[in-house]
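The values are calculated or read from the model by the stated rules, or taken from the named source; none is laboratory data. Note that the structure is predicted; figures quoted are calculated from it, not measured. Every residue, glycine among them, receives a Cβ derived from its backbone with ideal geometry; neighbour counts consider all protein chains shown. The protein model used for the area step is the full one, side chains on, heavy atoms only, and it has no ligands, DNA or RNA in it. Shrake-Rupley method; radii C 1.70, N 1.55, O 1.52, S 1.80 Å.
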Amino acid sequence: MLYLNEKDINKCITLNEIMDEIEKTFILYEKNKFYMPDRIHVDYKNKTILYMPCFLENIFGTKFLTVFPENRKKSRPVIDGLMLLNDYDTGETISILDGKTLTALRTGAVGGTGIRHITPKDVKTVGLVGAGVQGFNQLRFACEARDIEKIIVFDLFREKLPDFIQKVKEQISGVEVVSAENTEELLKESDIVITTTTSNEPVFPNKKELFKGKHFIGIGSYKPNMREYPDALISVLNKVYIDTEFAKEETGDLSNPLERGLLKDNQIETLGNYILYEKNKEEIIKGTTWFKSVGMALFDIVVAQLIYNKAKEKGIGQEIEL
């Protein structure tokens, strides 16, 4: 059995390789060539445990994560866990991967793939709301997907920003990185806006003129009581693009406006369907676009299999016996 820690995973794979695989996964989702049981979601006293199994035609696996928001105050990772890969015929575990690293990379790649498809190629500025681990990875993939010149960052915990900005500068070369005083300023200065918060209320002012012509990647809202975006964004959109159909129920960014009739079901389309069938992409990306992701186990199993195969090819990782 091959064990792959954070260093192993980062050593054996590139960001563009992961985005290419995520792009294929969107197509796989549309063609329904997988079996993905409902995610098991357990909440207890502000602590969350997630179990995410998925089967492909030649492999299956399960990712389980802990989500402890209070860890921010302890300078510990909010997300932790493991990914298990299993032999399709025998059920034997063939690999254990660090779950938080897999999650950070595949989620960053999902956002980066969204940027590949719903933004013009000449965008130059990215605004990030949420200066955490996932925010950092979203920026890494955004700068791989597009030739970004400037990054603007905002976080409610302003004391985090100097260290976060320094880390971004060290890891992403040739890009100017600055902080914003508030999210309105960030909106005005950004072509692409990425959100990676756990907010229960919209993090932007409800002014529709601020949203026109911008491109939004929503990552943070993953429960029905969570929202990152105000009604104003919906008022300037024709479509919302999602990663999976259950995003309509899982995130308050969609379920709330759907319940109130501000957003219609026929305005929501999967990104895979858009990639496969949309004939008017060049016109669409000239306007306001929004890709909302809640994630799914299919991303995990596909990317984990890619990492496992790359690690085997390159002789990376530790062979262990249970």
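Among the residues of the stretch 184-195, those that are farther than 17 Å from F164 by Cα and not in a loop (DSSP other than H, G, I, E, B) comprise E184, E185, L187, K188, E189, I192, V193.
The numbered conditions (1) open to solvent by 30 Å² or more (accessible area, probe 1.4 Å); (2) of a type in the set (F, W, Y); (3) at pLDDT 95 or above are all true for F154 except (1).
Only residues that are part of a loop (DSSP other than H, G, I, E, B), open to solvent by 30 Å² or more (accessible area, probe 1.4 Å) and within 22 Å of T107 (Cα to Cα) were counted across the stretch 228-256, and they come to 3.
Can you find, within the stretch 39-49, the residue that is surrounded by the fewest Cβ atoms within 10 Å (Cβ to Cβ) among those that are under 30 Å from R158 (Cα atoms) and free of Cβ contacts under 8 Å to residues at least 24 places away in the same chain?
Quick first cut of the stretch 39-49, residues under 30 Å from R158 (Cα atoms) only: 43-49.
In the following step, the residues that additionally are free of Cβ contacts under 8 Å to residues at least 24 places away in the same chain were identified as 43-45, 47-49.
Details: D43: 11, Y44: 7, K45: 5, K47: 12, T48: 17, I49: 15.
Per the criteria, the residue is K45.
The set of residues in the stretch 10-28 being among the hydroxyl-bearing types (S, T, Y) and in contact (Cβ under 8 Å) with a residue 12 or more places away in the chain consists of T25 alone. Among the residues of the stretch 286-320, those that are of a type in the set (G, A, S) and part of a helix (DSSP H, G or I) comprise A297, A304, A311.
To keep it simple, each residue is scored yes or no on (1) open to solvent by less than 10 Å² (accessible area, probe 1.4 Å); (2) assigned to a helix (DSSP H, G or I).
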{"site": "I27", "(1), (2)": "no, yes"}
{"site": "P37", "(1), (2)": "no, no"}
{"site": "F60", "(1), (2)": "no, no"}
{"site": "L85", "(1), (2)": "yes, no"}
{"site": "A109", "(1), (2)": "yes, yes"}
{"site": "G114", "(1), (2)": "yes, yes"}
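Quick one: is Q166 closer than 21 Å to R227 by Cβ and either assigned to a helix (DSSP H, G or I) or polar (S, T, N, Q) (or both)? In short, no.
Evaluate the stretch 200-217: report whether one residue or more is in contact with a Gly (Cβ under 6 Å, 6 or more places away or on another chain) and either within 18 Å of G132 (Cβ to Cβ) or open to solvent by 10 Å² or more (accessible area, probe 1.4 Å) (or both). Yes. All but one of (1) part of a loop (DSSP other than H, G, I, E, B); (2) closer than 27 Å to E70 by Cβ hold for I217, so report the exception by its number. Every condition holds for I217 apart from (1).
I'd like to check something: does the stretch 282-289 contain any residue that is over 15 Å from I13 (Cα atoms), free of Cβ contacts under 8 Å to residues at least 40 places away in the same chain and either open to solvent by 10 Å² or more (accessible area, probe 1.4 Å) or of a type in the set (A, V, I, L, M) (or both)? Looking for residues that are over 15 Å from I13 (Cα atoms), free of Cβ contacts under 8 Å to residues at least 40 places away in the same chain and either open to solvent by 10 Å² or more (accessible area, probe 1.4 Å) or of a type in the set (A, V, I, L, M) (or both), one finds at least one in the stretch 282-289, hence yes.
Just checking, how many residues over the stretch 62-78 are surrounded by 14 or more Cβ atoms within 10 Å (Cβ to Cβ), over 20 Å from D38 (Cα atoms) and in contact (Cβ under 8 Å) with a residue 24 or more places away in the chain? If you could, list the steps in order and put the result at the bottom.
Taking the stretch 62-78 and keeping what is surrounded by 14 or more Cβ atoms within 10 Å (Cβ to Cβ), we get 62-68, 71-72, 77-78.
When the remaining residues are screened for being over 20 Å from D38 (Cα atoms), the result is 68, 71-72, 77-78.
Still in the list and also in contact (Cβ under 8 Å) with a residue 24 or more places away in the chain: 72, 77-78.
The total comes to 3.
For the stretch 196-214, how many residues are outside any loop (DSSP other than H, G, I, E, B) and among the aliphatic types (A, V, I, L, M)? Residues flagged as outside any loop (DSSP other than H, G, I, E, B) and among the aliphatic types (A, V, I, L, M) within the stretch 196-214 amount to 1. For the stretch 1-25, a residue qualifies if it is in a helix (DSSP H, G or I) and either more than 18 Å from the chain's Cα centre (by Cα) or closer than 22 Å to I79 by Cα (or both), and the qualifying residues are E6, K7, D8, I9, N10, K11, C12, L15, I18, M19, I22.
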